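Visitor: Let me begin by handing over the structure; questions about it come next.
The values are calculated or read from the model by the stated rules, or taken from the named source; none is laboratory data. On a predicted model such as this, the values are computed, not experimentally measured, just so you know. Backbone-built Cβ (ideal geometry, glycine too); neighbour counts: all protein chains shown.
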């Protein structure tokens, strides 16, 4: 599937509802202009709290059901917000239900959607279908990465963000839609602070607050041998430091080999978050590159969790070293060996 363009996308809302429907429609129009058929998000009943896009089980079933649609090429988060960790708990219940009914060949989900009719059904099946998102979706991307076998997890702009991306990000995203097996090299435009070095490692990318919130859960970041790519929005430097300290004390940072920084939208005072993170890089004795086009703002390009990347600080690049197909083959072999 990844050797062909992405032609059909299913939008999901696994966290919060969309506060600006026009932004969602502009994102859909952007994808359609790129030649993509778009299935809008399912309509779900109101959630128990206003910041949730429906009840937990309904959101989980919509997400699992999106992967069960036969010719969907990518599942794309409409927005972030809050609720993904609750969705993962509900997905565990959905997966347990699917395992029970598979033997009876009854795959109709209760009340919503459908699970894939497959004895190997996992929380987010069809591993070659990318899940795309950022912000709160970080928890879902980690769950996809750490599933067995792992699935494709793309840290990239949410649907409501698409129409306000800068031209370079839009062009890069269109190129990825046409050839999803290859991820772009991310180029640093205006570094704020960095620690020199050159290192290879598997990429783990996400929103810093969510990475910290996943500590102590099955999705806790596993960073031994990894390059950590992070972004944030609206957080002061002292909270950035606290999140890094939480990752450190949890053991998650043990073995991390490089730190790559995306954008830090509205993080005041300006430049303080990057300076704080440069301190952590020096403390960990790892290279650090700031200013990459990844985050909540107008500069946001896709990156694949789990792939091997090269972080070259002096050159200003974070470059993938393998294709998604190569990675899928490698992880399938690893999962098979682990089960023997």
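Visitor: For the stretch 12-49, enumerate the residues that are under 19 Å from residue 86 (Cβ atoms) and not in a loop (DSSP other than H, G, I, E, B).
Guide: 12
Visitor: While we're looking at this one, here's another question. Tell me whether the stretch 231-242 contains one or more residues that are surrounded by fewer than 17 Cβ atoms within 10 Å (Cβ to Cβ) and in a strand (DSSP E or B).
Guide: no
Visitor: May I ask you to say which residue of 64, 93, 104 is in a helix (DSSP H, G or I) and at pLDDT below 85?
Guide: Sole residue among the options that is in a helix (DSSP H, G or I) and at pLDDT below 85: 93.
Visitor: Quick one: residue 198 ticks every box in (1) surrounded by fewer than 24 Cβ atoms within 10 Å (Cβ to Cβ); (2) in contact with a helix residue (DSSP H, G or I) (Cβ under 7 Å, 6 or more places away or on another chain); (3) in the same structural domain as residue 278 (by TED's automatic domain parsing) except a single one, so which number is it?
Guide: Residue 198 satisfies all of (1) surrounded by fewer than 24 Cβ atoms within 10 Å (Cβ to Cβ); (2) in contact with a helix residue (DSSP H, G or I) (Cβ under 7 Å, 6 or more places away or on another chain); (3) in the same structural domain as residue 278 (by TED's automatic domain parsing) except (2).
Visitor: Moving to a separate point now. Check off (1) over 19 Å from residue 136 (Cα atoms); (2) at pLDDT below 95; (3) surrounded by fewer than 19 Cβ atoms within 10 Å (Cβ to Cβ) for residue 51 and give me the number that stays unchecked.
Guide: The number of the failed condition is (1).
Visitor: Let me ask something additional. Just to be sure, is residue 84 crowded, with 24+ Cβ neighbours inside 10 Å and not assigned by TED's automatic domain parsing to the domain that holds residue 214?
Guide: Here the answer is yes, as residue 84 does meet what is asked.
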